[in-house]
Amino acid sequence: MDRKEAIRRYKDKPRPAGVYRVLHRASGRSLIGTSLDALARLRRIQFQLEMGSHPNKPLQQDWNDAG
């Protein structure tokens, strides 16, 4: 398989669209959203939280306090 074929297959692969929820169990707060690629969105949220740059300040504070 050449590079162009691999790229085409990646782009044609269906993505899991849907609703997601990020829950902080200790406080009971949650973030709910929708995405055309829910798995990628959850990875992005986790990365933002790890870097301390998530725009939702209460969620970021919960992450900083308890992980």
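The values are calculated or read from the model by the stated rules, or taken from the named source; none is laboratory data. Because the structure is a prediction, the values reported are computed rather than measured. So basically every Cβ, Gly included, is an ideal-geometry build from the backbone, and we count neighbours across all protein chains shown. Protein only, heavy atoms only, side chains kept; ligands, DNA and RNA dropped before computing areas. Shrake-Rupley method; radii C 1.70, N 1.55, O 1.52, S 1.80 Å.
So here's what we get for this one:
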item: The range 11-62, subset aliphatic (A, V, I, L, M) and out of contact with any strand residue (DSSP E or B) (no Cβ under 7 Å at 6 or more places or on another chain), residue least open to solvent (accessible area, probe 1.4 Å); result: Leu49
item: Filter pass, Leu59 being among the hydrophobic types (A, V, I, L, M, F, W, C), assigned to a helix (DSSP H, G or I) and modelled with pLDDT of 90 or more; result: yes
item: Count of residues meeting criterion [at pLDDT 90 or above and open to solvent by 90 Å² or more (accessible area, probe 1.4 Å)] in the range 1-10; result: 5
